[in-house]
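Scroll down for the structure; my scribbles are underneath it.
The values are calculated or read from the model by the stated rules, or taken from the named source; none is laboratory data. Worth saying up front: this structure is predicted, and the values here are computed from it rather than measured. Don't worry about glycine lacking a Cβ; one is built from the backbone with ideal geometry, like all the others, and counts go over all protein chains shown.
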There are 2 protein chains.
Amino acid sequence: MDNVIHYSMKHRFGAARHGARNGPELDATLAGGDLVADGLNTPKLRDVARIAGVSVITASRCISNPERVSEKTRAKVLKVAEELGYIPNRLASAMVSSRSMAVGVVLPTIANPIHSVLLEALAEVLEPFGYRTLLGTTGYRADKEYDVVRTLLAHKVDAIALAGKAQSAQTRKLLAAANVPVAEMFELYDDPLDINVGLSNREAGAALARFLIARGRHRFAFVLHSEIDDSRMTSRYDGFLATATDARIEPFHDSSKPGLLRESVVSAILSRMPDVDAIVCSGHQAAVTAICALRNQGIAVPAQIAVAGFGDSPASQWVQPALTTVSYPMSDIGTKSGQLLLARLRGEAIDNAQADLGFQIMERGST
Amino acid sequence: MDNVIHYSMKHRFGAARHGARNGPELDATLAGGDLVADGLNTPKLRDVARIAGVSVITASRCISNPERVSEKTRAKVLKVAEELGYIPNRLASAMVSSRSMAVGVVLPTIANPIHSVLLEALAEVLEPFGYRTLLGTTGYRADKEYDVVRTLLAHKVDAIALAGKAQSAQTRKLLAAANVPVAEMFELYDDPLDINVGLSNREAGAALARFLIARGRHRFAFVLHSEIDDSRMTSRYDGFLATATDARIEPFHDSSKPGLLRESVVSAILSRMPDVDAIVCSGHQAAVTAICALRNQGIAVPAQIAVAGFGDSPASQWVQPALTTVSYPMSDIGTKSGQLLLARLRGEAIDNAQADLGFQIMERGST
DNA sequence: CTGTTAGCGCGTTCAA
DNA sequence: TTGAACGCGCTAACAG
């Protein structure tokens, strides 16, 4: 148990402030020549144009197509825009140009470092081209997935990237009808909707089975997470099962917060399978917590029981012994997916919409 | 060193597919009575209205203000909308109503669990009220902060929540002019822009100093991160310094990837300060890696050197010995900030725009 | 190189 | 309870 010491300053009282939006209309007459924006309204392009003495469309071009305007007017317009603190309204430009310059990203959760790495890599590729990412999280639930995709489409995203596949038929239909490029990331599928970048979790499961068997293990407890609906998890298990045919494999289901592992599951393993010589966790953080739980029970890792997991993060090296894991190239997956989506968005041909980026087994102390 | 074993399946070749957007216009005549949407164009509200035999505005009301429409027409319109797979265009509705139903969230990074927890809590409060969160990350850089806020404003977010304060005067000016509710989260400030929910990192530093001194430590190495611009970090240091006046405190600067800690910094501490009896890290993950580094060098924690950090996560319990940290109520901060922002968005009065949610010292094995 | 016209899809503001 | 007109802010398409 943690020894907790609680601190809190007294509440400080701040003045209540109101953010009144949409004050009185800007006077639309051409009367005012002032360079200062109206206090309550953000300046529009027409204000910039009026003050700079050009038409609205010319002002627009100075910002979006600078090369199609004379250097002189461009300088003048940009100066006025700067002075007014003009910020283009992306909603308006998206409406008329049918390009929102936003890409929707659907993740189960961002609490898992695997997904945050994926998102950051994807965003890094897209941002230089002016695309923003719009995040939606599903909590591993297929019904929420539908809502999230729908909402993203309502915001007129130009493309959608999903970690995992679009699970429900409903969602797949939505995406097909939406007529936007789609990238399914992380796992490889036989029937991708469009772009598909990742690796075979089934192969990963098989590889880990071979790896452990080669090290003399043959009585496996395989921990799955029962409360999440994740095909990647079951693929790993299937691959493991299909490969370790001569070994004894027992599945155990955890139902704690996704990613972690209840200590009781470890107890269940030890009592139901006293001669277990390896624990394999479908989740990464679950494997880390398994090591801690075994340590707490005084069981030698890996001497008595080996532990391995899928997915890698710095935490693998924090536990003792360090965790052997199947490491996924999440950053590369994000980058590659972003590149393929950009190609689609530019209308370029793609000769290979599916890419296998493989995986690595990081052999560490726990095996 | 890790022993790495690399696997990759052969690339599988998928057919190239094109997502052609904006095909030929929907036939605007009233001729077609078909209930099936045109293959290439997403149905608009006017399509729903036409097929249901009502005006556009009535169709609109069936979706946004169901109670202002007769039950019969509502049922009819909703049925048609469902059949067509109609998805409202949020961009259009945002334009005309000046409410985008989106809240911008500015974080240094989502790789740090502290921030992902904050985001998830915030989103959970806002979503039931129809608000989406639009994420922007700054990488702890003030110049990027300005760009991110500007972009969010360009997307007409209805409110903005920032982890930390708006650092640059430029950004603060932008936010003040934007006339939207703003929440500065995590740290408490004397001059918040508007809503401010968090705790005093200065107090947290002071409390940790008192805590360690009470346990007999008095020669401190305080690790700061030199490549990030984070006032929370320096506040902790200031508070520590101001409290441990009788102790010896030496600052050490790390320049690795934010969050982690280079092993060389630990070596530097040991050589420059051989009698050090406690290492305090401004970052959470840095403290975890410090424990690992000391372990690798065969130094007893906490017997010889104690270690403590700011910010908590499951990883604190994964290292051995478990890490003593100052734990922040990030989830509560997100929840409270969301509630206050909702009040502002509804135009309700707020009698206390600043809230101190305190912190806890989690005493574990490392001290 | 610059301007005019038209309209993106929807909700507000009126009137019926 | 329903509808007509209008405009949100901006850019595509054409004209000058």
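At a glance:
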{"quantity": "All positions within the stretch B:325-354 that are in contact (Cβ under 8 Å) with a residue 60 or more places away in the chain and not in a helix (DSSP H, G or I)", "calculated": "B:326, B:328, B:329, B:350, B:353, B:354"}
{"quantity": "Answer residue from the stretch B:250-261, given it is within 18 Å of residue B:111 (Cα to Cα) and not polar (S, T, N, Q) and is modelled with the lowest pLDDT among those", "calculated": "B:258"}
{"quantity": "Residue within the stretch A:198-215 that is of a type in the set (Phe, Trp, Tyr) and not assigned by TED's automatic domain parsing to the domain that holds residue A:104 present", "calculated": "yes"}
{"quantity": "Residue that is surrounded by the fewest Cβ atoms within 10 Å (Cβ to Cβ), among those in the stretch A:62-84 that are within 14 Å of chain B (Cβ to nearest Cβ) and away from DNA strand D (no atom under 12 Å from the Cβ)", "calculated": "A:82"}
{"quantity": "Any hit, the stretch B:169-183, residues being free of Cβ contacts under 8 Å to residues at least 24 places away in the same chain, of a type in the set (A, V, I, L, M), surrounded by 23 or more Cβ atoms within 10 Å (Cβ to Cβ) and within 11 Å of another protein chain (Cβ to nearest Cβ)", "calculated": "yes"}
{"quantity": "Lone unmet requirement of (1) at pLDDT 95 or above; (2) touching a Phe, Trp or Tyr at 6+ places or on another chain (Cβ under 9 Å); (3) within 30 Å of residue B:261 (Cβ to Cβ) for residue A:269", "calculated": "(3)"}
{"quantity": "Residues within the stretch B:320-366 that are among the hydroxyl-bearing types (Ser, Thr, Tyr) and facing chain A (nearest Cβ under 7 Å), tallied", "calculated": "0"}
{"quantity": "Single condition residue B:109 does not satisfy, out of (1) in a loop (DSSP other than H, G, I, E, B); (2) farther than 30 Å from residue B:285 by Cβ; (3) facing another protein chain (nearest Cβ under 10 Å)", "calculated": "(2)"}
{"quantity": "Subset of the stretch A:85-96 that is assigned to a helix (DSSP H, G or I) and in contact with a Ser or Thr (Cβ under 9 Å, 6 or more places away or on another chain) - its residue that is nearest to DNA strand D (Cβ to nearest atom)", "calculated": "A:93"}
{"quantity": "All positions within the stretch A:78-102 that are within 9 Å of DNA strand C (Cβ to nearest atom), out of contact with any Leu (no Cβ under 7 Å at 6 or more places or on another chain) and hydrophobic (A, V, I, L, M, F, W, C)", "calculated": "A:92, A:96"}
{"quantity": "Residue among B:117, B:103 that alone is touching a residue at least 12 places away in the same chain (Cβ under 8 Å), away from DNA strand D (no atom under 16 Å from the Cβ), in contact with a Gly (Cβ under 9 Å, 6 or more places away or on another chain) and part of a helix (DSSP H, G or I)", "calculated": "B:117"}
{"quantity": "The stretch B:62-77: number of residues that are in contact (Cβ under 8 Å) with a residue 12 or more places away in the chain and either more than 11 Å from DNA strand C (Cβ to nearest atom) or aliphatic (A, V, I, L, M) (or both)", "calculated": "5"}
{"quantity": "Of residues in the stretch A:39-61 being within 14 Å of chain B (Cβ to nearest Cβ) and not in a helix (DSSP H, G or I), the one nearest to DNA strand C (Cβ to nearest atom)", "calculated": "A:44"}
{"quantity": "Some residue of the stretch B:150-166 being of a type in the set (Gly, Ala, Ser), in a helix (DSSP H, G or I) and either crowded, with 20+ Cβ neighbours inside 10 Å or more than 9 Å from chain A (Cβ to nearest Cβ) (or both)", "calculated": "no"}
{"quantity": "Test for residue A:299: is it in contact with an Asp or Glu (Cβ under 9 Å, 6 or more places away or on another chain) and more than 10 Å from chain B (Cβ to nearest Cβ)", "calculated": "no"}
{"quantity": "Residues satisfying the stated conditions in the stretch A:339-352, i.e. closer than 24 Å to residue A:203 by Cβ and surrounded by 22 or more Cβ atoms within 10 Å (Cβ to Cβ)", "calculated": "A:340"}
{"quantity": "Residue in the stretch A:311-320 that is crowded, with 18+ Cβ neighbours inside 10 Å, charged (D, E, K, R) and either at pLDDT below 95 or not assigned by TED's automatic domain parsing to the domain that holds residue A:188 (or both) present", "calculated": "yes"}
{"quantity": "Condition met for residue B:4 (away from every other protein chain (no Cβ under 14 Å) and either surrounded by 19 or more Cβ atoms within 10 Å (Cβ to Cβ) or at pLDDT 50 or above (or both))", "calculated": "no"}
{"quantity": "Hits in the stretch B:249-272 (condition: within 14 Å of chain A (Cβ to nearest Cβ) and either free of Cβ contacts under 8 Å to residues at least 40 places away in the same chain or within 22 Å of residue B:298 (Cα to Cα) (or both))", "calculated": "B:256, B:257, B:260, B:261, B:262, B:263"}
{"quantity": "Complete set of residues in the stretch A:300-317 that are assigned to a helix (DSSP H, G or I) and among the acidic types (Asp, Glu)", "calculated": "none"}
{"quantity": "Filter result (more than 16 Å from DNA strand C (Cβ to nearest atom) and either without any contact (Cβ under 8 Å) to a residue 12 or more places away in the chain or more than 9 Å from chain A (Cβ to nearest Cβ) (or both)) within the stretch B:124-144", "calculated": "B:124, B:125, B:126, B:127, B:128, B:138, B:139, B:140, B:141, B:142, B:143, B:144"}
{"quantity": "Tally of residues being surrounded by 24 or more Cβ atoms within 10 Å (Cβ to Cβ) and either farther than 15 Å from residue A:356 by Cβ or more than 10 Å from chain B (Cβ to nearest Cβ) (or both) across the stretch A:194-211", "calculated": "7"}
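Conditions (1) of a type in the set (Asp, Glu); (2) in contact with a Pro (Cβ under 9 Å, 6 or more places away or on another chain); (3) under 29 Å from residue A:237 (Cα atoms), marked per residue:
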| site | (1), (2), (3) |
| --- | --- |
| A:132 | no, no, no |
| A:136 | no, no, yes |
| A:142 | no, no, yes |
| A:153 | no, no, no |
| A:160 | no, yes, yes |
| A:168 | no, no, yes |
